[in-house]
Amino acid sequence: MLFELFILFTAGVFGGVLNSIAGGGSFITFPALLFAGVPPISANATNTFSSCAGYMSGAYAFRKDILKHKHELFKIIIISLIGGIGGAWLLLQTPEALFLEAVPWLLLFATLLFIFGGQLNDAIKKLSSVHRHASSLGALLLAVVLLGVSVYGGFFNAGLGIITLSYLALAGHTNINTMNGLKLLISSVVSLIAIVVFVIDGAIDWYSGVVVLVGSLGGGYIAAHVSRKLPQQAVRLFVILASCGITAYFFYDIYS
């Protein structure tokens, strides 16, 4: 029990540091919950719970940038709520064995998003600049994309921030502070409503989740003091290597 506690807390600390500097903390915290014996679906729900505080505090820090876009906040929040509920419900309807088989593929998708997310966002920005004056059909398609992003976030939290940035680039946003603020707002709304669904179902392992959450808050605090001393490229490389290694391990463990 003490060893599991240490693993979860340490994973939370590392996850909090990574989320604050380069993103990708779920690549550490989600596998740690599985390693500690939390069942896969519960581990995913618990990881959503332990990640949410970081999203909310980040959204609060960017509140001024978020409020510059009051005209679109209602639409963003409503779609994020609907998608988050749908994704969480879908997760809870998925058989445990089937979800476990899907875990390596979900991690692979999130890993590829992390590695190529920058290039994807650049390509989408160019596309959105060419088609800046979107028609009503374009607005509808953007709403559908946001709904898909939110469903993904309610179903599997890892990689949510990166895929949300892709949506914002497609929507024509270019200011990085605005994009980060709206990304954190969407992530907060999706996670909060998903947590409500998980709480009703009893899917969250509160003990493990709180331990990871405390570690994550500590890691975020540490990162605030050391982030300027750490080369972000080196941290990003570490996340890529760790995510590739963890994904490969799950493919081997589940399909061998």
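For region 53-91, give me each residue that is without any contact (Cβ under 8 Å) to a residue 12 or more places away in the chain and acidic (Asp, Glu).
Matches in region 53-91: GLU72 only.
Would it be correct to say that GLY218 is surrounded by fewer than 21 Cβ atoms within 10 Å (Cβ to Cβ) and over 15 Å from ALA45 (Cβ atoms)?
When the stated conditions are applied, GLY218 passes them.
Inspect region 104-113 for any residue being in contact with a helix residue (DSSP H, G or I) (Cβ under 6 Å, 6 or more places away or on another chain), buried (at least 21 other Cβ atoms within 10 Å of the Cβ) and either more than 30 Å from THR178 (Cα to Cα) or of a type in the set (S, T, N, Q) (or both) and give the result as yes or no.
yes
From (1) outside any helix (DSSP H, G or I); (2) surrounded by fewer than 24 Cβ atoms within 10 Å (Cβ to Cβ), pick out the condition that doesn't hold for GLY24.
It is condition (2) that GLY24 fails.
Tell me, please, whether a residue that is acidic (Asp, Glu), free of Cβ contacts under 8 Å to residues at least 12 places away in the same chain, more than 19 Å from TYR152 (Cβ to Cβ) and part of a helix (DSSP H, G or I) can be found in region 4-21.
No, region 4-21 contains no residue that is acidic (Asp, Glu), free of Cβ contacts under 8 Å to residues at least 12 places away in the same chain, more than 19 Å from TYR152 (Cβ to Cβ) and part of a helix (DSSP H, G or I).
Residues that are modelled with pLDDT under 90 and out of contact with any Cys (no Cβ under 8 Å at 6 or more places or on another chain): does region 73-95 have at least one?
Looking for residues that are modelled with pLDDT under 90 and out of contact with any Cys (no Cβ under 8 Å at 6 or more places or on another chain), one finds none in region 73-95, hence no.
Would you please name the residue that is modelled with the highest pLDDT, looking only at residues in region 114-131 that are of a type in the set (S, T, N, Q) and either within 21 Å of the chain's Cα centre (by Cα) or surrounded by 18 or more Cβ atoms within 10 Å (Cβ to Cβ) (or both)?
Ranking the candidates gives GLN119 first.
Given the conditions (1) in contact with a helix residue (DSSP H, G or I) (Cβ under 6 Å, 6 or more places away or on another chain); (2) surrounded by 17 or more Cβ atoms within 10 Å (Cβ to Cβ); (3) of a type in the set (S, T, N, Q), which single one is not true for ASN177?
ASN177 satisfies all of (1) in contact with a helix residue (DSSP H, G or I) (Cβ under 6 Å, 6 or more places away or on another chain); (2) surrounded by 17 or more Cβ atoms within 10 Å (Cβ to Cβ); (3) of a type in the set (S, T, N, Q) except (2).
Looking at VAL38 and the list (1) part of a loop (DSSP other than H, G, I, E, B); (2) under 14 Å from the mean Cα position of the chain (by Cα); (3) of a type in the set (A, V, I, L, M, F, W, C), which single condition is not satisfied?
Condition (2) is where VAL38 drops out.
Considering only residues of region 222-249 that are farther than 17 Å from GLY118 by Cα and either of a type in the set (Lys, Arg) or touching a strand residue (DSSP E or B) at 6+ places or on another chain (Cβ under 7 Å) (or both), which is modelled with the highest pLDDT?
The extreme case among them is LYS229.
How many residues does region 184-200 hold that are of a type in the set (Ser, Thr, Tyr) and surrounded by fewer than 20 Cβ atoms within 10 Å (Cβ to Cβ)?
Selection size over region 184-200: 0.
Specify which of the listed residues (ALA97, ALA53, ALA88, ALA43) is under 17 Å from GLY153 (Cβ atoms) and surrounded by fewer than 21 Cβ atoms within 10 Å (Cβ to Cβ).
ALA53
The values are calculated or read from the model by the stated rules, or taken from the named source; none is laboratory data. Because the structure is a prediction, the values reported are computed rather than measured. Note: ideal-geometry Cβ built from the backbone for every residue, glycine included; neighbour counts use all protein chains shown.
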